[in-house]
Amino acid sequence: HSNRVMWFQDFFPPNMCPINAKANTFYGIMFDAGSTGTRIHIYTFVQKSPENLPELEGEIFESVKPGLSAYADQPEKGAETVKKLLDMAIDAVPPHLWKKTPVVLKATAGLRLLSEEKAQALLLEVKEVFEESPFLVPEDSVGIMDGSHEGILAWITVNFLTGQLSGQNQQTVGTLDLGGASTQITFLPRFEETLKETPGDFLTSFEMFNSTYKLYTHSYLGFGLKAARLATLGALNMEVVDGQMFRSSCLPKQLEAEWHFGGVKYRYGGNKEGETGFKPCYLEVLKVVKGKLHQPDEIRGSSFYAFSYYYDRAADTNLIDYEQGGVLEVRDFERKAKEVCDNMERYNSASPFLCMDLAYITALLKEGFGFRDHTLLQLTKKVNNIETSWTLGATFHLLQSLGLTY
Ligand SMILES: Nc1ccn([C@@H]2O[C@H](COP(=O)(O)OP(=O)(O)O)[C@@H](O)[C@H]2O)c(=O)n1
Ligand SMILES: [Ca+2]
């Protein structure tokens with residue numbers, strides 16, 4: 001039933017490292033064109049000897065906002081933001097290695113939601129920027145990534161960085177990514193029962209480090225945090241009439257404002273006369289998730305790594321330290337949602353969407369995926385100083401497919 005992917009079987013084999021006996025440094029450049037921002041990851045790998053596996057030595061990371069999809073009608077300007085980031089790589093990579101350093105850009109949900117024509121125009125401009133650069137530009141160097149790869153590659157990154165993919169005693173961890181426009185859940189099922197109950201297109205097998213992994217993964221398009229705001233307001237996938245107002249009990253009563261997302265302008269506000277607060281708000285966000293997601297029984301008891309907007313909103317509300325991250329229970333999000341939604345005047349200085357966002361995260365975790373109140377979430381932005389992003393997994397795949405891992 002499942003898609004079989006065999007990406008990693010050759011990535012770190014011990015005996016296929018000919019020639020260069022001395023310390024060997026190489027680089028890989030991966031762009032993450034997300035719905036809310038564009039990021040560059042410049043990875044440095046070192047191969048100390050032909051017998052040893054290449055080691056990830058470090059990462060240079062930079063980001064810009066907004067994302068490419070905000071330039072839907074000005075593709076050249078969009079590509080210009082990519083060029084600025086790529087200039088960093090010119091400084092970071094020694095000139096004699098430029099030609100051997102691949103550069104790739106993968107776009108996620110923001111471009112998935114644009115029309116084919118606008119998305120392709122943006123990607124074409126980016127491709128030109130790459131071709132004018134001194135770096136190695138592989139075939140398919142720019143494109144829109146498949147949602148299932150997004151989840152798998154993030155899972156690989158986290159489990160690689162936490163040491164779960166090498167050696168004995170592998171205790172892999174599941175991953176939760178909450179983007180602007182889509183959200184991903186990925187884990188390695190331990191029970192036969194889970195495999196039986198799961199739709200075939202939620203399962204993907206691949207081989208890596210001499211093991212075969214069959215992962216549960218799914219990307220829900222339209223369930224990212226910002227898309228969920230529009231869905232809660234009843235404005236997602238609507239032909240928005242100019243000046244039309246969308247109201248919600250999750251917003252401060254007196255609020256009236258405008259918001260641009262995916263090239264469209266929305267007007268939104270609070271329930272001037274009607275109800276506000278956690279109870280009515282939770283009912284609103286519940287409508288967005290209830291019955292829309294697959295709920296694997298197995299995850300109810302296990303703990304997950306969570307990043308992106310899970311991290312940001314937890315940090316915004318002091319549930320975790322912004323630098324350190326931390327461990328939370330699902331019910332901590334609910335407690336904080338109640339606190340914020342029932343005291344919106346007090347939280348008015350932060351984003352007016354704080355209540356809605358926390359209520360949505362709570363509903364997504366509990367009613368969407370079916371997590372328990374006590375399920376543990378490990379919130380991290382970096383592990384060993386490397387970003388927990390799908391980009392590292394994607395770079396492994398890239399280097400291996402190019403045979404650049406010596
Ligand atoms: N390297 C990264 C990339 C995204 N993010 C976060 O991911 C969220 C936005 O997701 P995104 O722009 O990638 O949206 P999608 O295209 O994934 O839906 C924001 O909270 C970003 O801060 C991050 O924390 N670190
Ligand atoms: Ca993302």
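The values are calculated or read from the model by the stated rules, or taken from the named source; none is laboratory data. Only a predicted model underlies this, so the values are computations on that prediction, with no experimental measurement involved. Heads up, the Cβs are rebuilt from the backbone with ideal geometry, glycines too, and the neighbour counts pull from every protein chain shown. Side chains included, ligands, DNA and RNA excluded: accessible areas come from the protein's heavy atoms. Shrake-Rupley method; radii C 1.70, N 1.55, O 1.52, S 1.80 Å.
Some notes on this structure:
- Among the residues of segment 129-148, those that are open to solvent by 60 Å² or more (accessible area, probe 1.4 Å) and either modelled with pLDDT under 95 or within 16 Å of ligand 1 (Cβ to nearest atom) (or both) comprise Glu139, Asp140, Ile144, Asp146.
- The one condition in (1) within 11 Å of ligand 1 (Cβ to nearest atom); (2) in contact (Cβ under 8 Å) with a residue 40 or more places away in the chain; (3) among the basic types (Lys, Arg) that Lys65 fails to fulfil: (2)
- Filter result (among the hydrophobic types (A, V, I, L, M, F, W, C) and either open to solvent by 20 Å² or more (accessible area, probe 1.4 Å) or in the same structural domain as Val264 (by TED's automatic domain parsing) (or both)) within segment 109-128: Leu113, Leu114, Ala121, Leu124
- Scan of segment 116-148 for residues that are under 21 Å from the mean Cα position of the chain (by Cα) and not aliphatic (A, V, I, L, M), ordered by number: Asp140, Ser141, Gly143, Asp146, Gly147, Ser148
- Test: residue in segment 384-398 that is within 16 Å of ligand 2 (Cβ to nearest atom), hydroxyl-bearing (Ser, Thr, Tyr) and either part of a loop (DSSP other than H, G, I, E, B) or open to solvent by 20 Å² or more (accessible area, probe 1.4 Å) (or both): yes
- Test: residue in segment 373-391 that is in the same structural domain as Gly34 (by TED's automatic domain parsing) and in contact with a His (Cβ under 6 Å, 6 or more places away or on another chain): yes
- Those residues of segment 354-406 which are more than 16 Å from Ala154 (Cα to Cα) and within 13 Å of ligand 1 (Cβ to nearest atom), in sequence order: Asp357, Ile361
- Restricting attention to segment 96-111, the residues that are more than 21 Å from Glu139 (Cβ to Cβ) and either touching a residue at least 12 places away in the same chain (Cβ under 8 Å) or within 16 Å of ligand 2 (Cβ to nearest atom) (or both) total 2.
- Residue within segment 197-219 that is within 16 Å of ligand 1 (Cβ to nearest atom), open to solvent by 20 Å² or more (accessible area, probe 1.4 Å) and not polar (S, T, N, Q) present: yes
- All positions within segment 224-261 that are within 16 Å of ligand 1 (Cβ to nearest atom), of a type in the set (A, V, I, L, M, F, W, C) and in contact with a helix residue (DSSP H, G or I) (Cβ under 7 Å, 6 or more places away or on another chain): Leu225, Ala228, Ala231, Leu236, Phe261
- For segment 339-352, the candidate set comprises residues that are in contact with a helix residue (DSSP H, G or I) (Cβ under 6 Å, 6 or more places away or on another chain) and in a helix (DSSP H, G or I); within that set, the residue that is farthest from Leu286 (Cα to Cα) is Val340.
- Residue match in segment 310-321 (condition: aromatic (Phe, Trp, Tyr) and within 30 Å of Leu203 (Cα to Cα)): yes
- Residues satisfying the stated conditions in segment 353-380, i.e. part of a loop (DSSP other than H, G, I, E, B) and open to solvent by 40 Å² or more (accessible area, probe 1.4 Å): Arg372, Asp373, His374
- Selected residue (only one of Phe223, Phe206, Phe187 is more than 16 Å from ligand 2 (Cβ to nearest atom) and either at pLDDT 95 or above or hydroxyl-bearing (Ser, Thr, Tyr) (or both)): Phe187
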